[in-house]
Amino acid sequence: MLKCYFDCEWYAKNTSRKIKAVFKAKGQSGKPLSVRPPYGYKKSEAEVVKRIFHMYLHEGKGTTRIASELNADGLYTVRGKIWRQDAVIRILKNDKYCGNLTQWKHYCTDYLTKKVKPNHNEDPDAPLITVRNHHEPIISEEEFNAANALLMKRGENAREGRKYSQHYWYSSRIYCGKCGWAFGVTGQKDNKNRCLRCVNRSKYGTEKRVDSYGNETGCDNPFISENMLKACMKHILEHIQSQRSEIADELLSDIMLMQQNTPAANTKPLQDKIDSLVSKKHKAIDMMLEDLISKDDLKKQVEMYDVEIERLTAELTASKNIDALHQSQLECIRSFIEQVNRTDSIDTDSTEIYGEMLEKAVICGEGSADFYLTCVPFGFHIDYHMKIIPKTQRFAVVIDNCEAKI
């Protein structure tokens, strides 16, 4: 009976080892381990994926609101369920949409208990495998990286008690240039002339100190008014309207200078070397399964092959993607130019327009701020001062200087 138990355990362990070896070889060769295609690779679904990334990146919407809008339009997930916040987050985090294939994201840690856990690349027998440029992307890698950076940033804000919101047109987009914290509305929130203050200053005061966890607290950046933000946005949009032709010409000129003619590289020798190394890896796995080499020998060989394959793949990708990169840069600049030209007809007094076009603002100190808009790939540095209106107790914002900030 005891012998039977050990035989079964050995058989389960040996089978698990073989399955992992096959999965590893299949994944590294670029073959998908999953038989189910991801959501988005049907024409109608691809448009939904693009819409999710656009709403999150360019419209400033949160994952809960995106899910609500998709449900309101009668759209469903790949399983035919209603959209929820976690489903939207999975779309934003899935690198398949930028053309990469990451496999073995979860793996079985024990061949007896069958316990499955997320793969953080800690098990050499079940490595996290990423094949870049594996298939046609739905969104660019730049958009994917920007969305995930924003997702991480909003997550950090939420963990610090600064949950992302859209209560005001500038919500979650005003930051302190001295400490990096967000600015929040302070005082009466229904006031027509609302004020904003650095959250770090509101919590810890103006005196800078280090807390028991080693974090720096305290900030002396002064408060700002909502009217200041409006005045700066109005001035910047009017500046873009009056200089749109010059801005468009300068954008095109800059991109042409960046794109120098690069001779096409012969990628066949590189691809042949990669194919040869992959073939050697497969042979090594077969030899290990036939007990011709030990598991340690296989590990050393595979590590050596992987390092060389990674180097050659990076070189091959760089050679292949020069033209694609230039085309992507050109399309990006054209998109910016279209947005700049559209500013000709917008209402420069509309807070709704401000909310659509403001990416973020950094309050550098008293009378100084940097504004970044969605329509141009650079920012604007603003110098201003407050001037009291005669015979009233009100202040007006006077813009002293506005210049592009690269």
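Numbers at a glance
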read-out	value
From A149, A182, A158, residue being exposed (fewer than 12 other Cβ atoms within 10 Å of the Cβ) and modelled with pLDDT of 85 or more	A149
The range 373-397 - residue that is surrounded by fewer than 17 Cβ atoms within 10 Å (Cβ to Cβ) and at pLDDT 90 or above and, of those, nearest to Y56 (Cα to Cα)	H381
Among the candidates D306, D291, residue that is at pLDDT 85 or above and among the charged types (D, E, K, R)	D306
Qualifying position, being at pLDDT 85 or above, of a type outside the set (A, V, I, L, M), within 30 Å of T186 (Cα to Cα) and surrounded by 15 or more Cβ atoms within 10 Å (Cβ to Cβ), among Y170, Y164	Y170
Residues being modelled with pLDDT of 85 or more and among the basic types (K, R) - total across the range 39-64	2
Members of the range 53-80 that are part of a helix (DSSP H, G or I), surrounded by fewer than 18 Cβ atoms within 10 Å (Cβ to Cβ) and out of contact with any Phe, Trp or Tyr (no Cβ under 6 Å at 6 or more places or on another chain)	H54, T64, R65, S68, E69, A72
Pair list, Cβ under 7 Å, 6 or more apart: the range 39-63 residue closer than 16 Å to G99 by Cα, other residue assigned to a loop (DSSP other than H, G, I, E, B) and of a type in the set (S, T, Y)	Y39/T77; E45/Y39
Residue pairs meeting the criteria (Cβ under 9 Å; at least 6 apart or on separate chains; first at pLDDT 90 or above, in the range 82-101; second acidic (D, E) and not in a helix (DSSP H, G or I))	none
Within the range 135-146, considering residues that are of a type in the set (D, E) and within 14 Å of A46 (Cβ to Cβ), the one modelled with the lowest pLDDT	E136
Odd one out for V340 among (1) at pLDDT below 90; (2) part of a strand (DSSP E or B); (3) of a type outside the set (D, E, K, R); (4) within 26 Å of the chain's Cα centre (by Cα)	(2)
1 or more residues at pLDDT 85 or above, within 30 Å of C402 (Cα to Cα) and not acidic (D, E): qualifying helices (runs of 4 or more DSSP H) within the range 196-286	199-204, 226-242
Of residues in the range 185-195 being of a type outside the set (S, T, N, Q) and modelled with pLDDT under 75, the one nearest to N227 (Cα to Cα)	K192
Residue in the range 336-352 that is of a type outside the set (K, R), touching a Gly at 6+ places or on another chain (Cβ under 6 Å) and surrounded by 16 or more Cβ atoms within 10 Å (Cβ to Cβ) present	no
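The values are calculated or read from the model by the stated rules, or taken from the named source; none is laboratory data. All figures in this text were calculated on a predicted structure; none of them were measured in a lab. Reconstructed Cβ throughout: ideal geometry from the backbone, glycine too, with neighbour counts over all protein chains shown.
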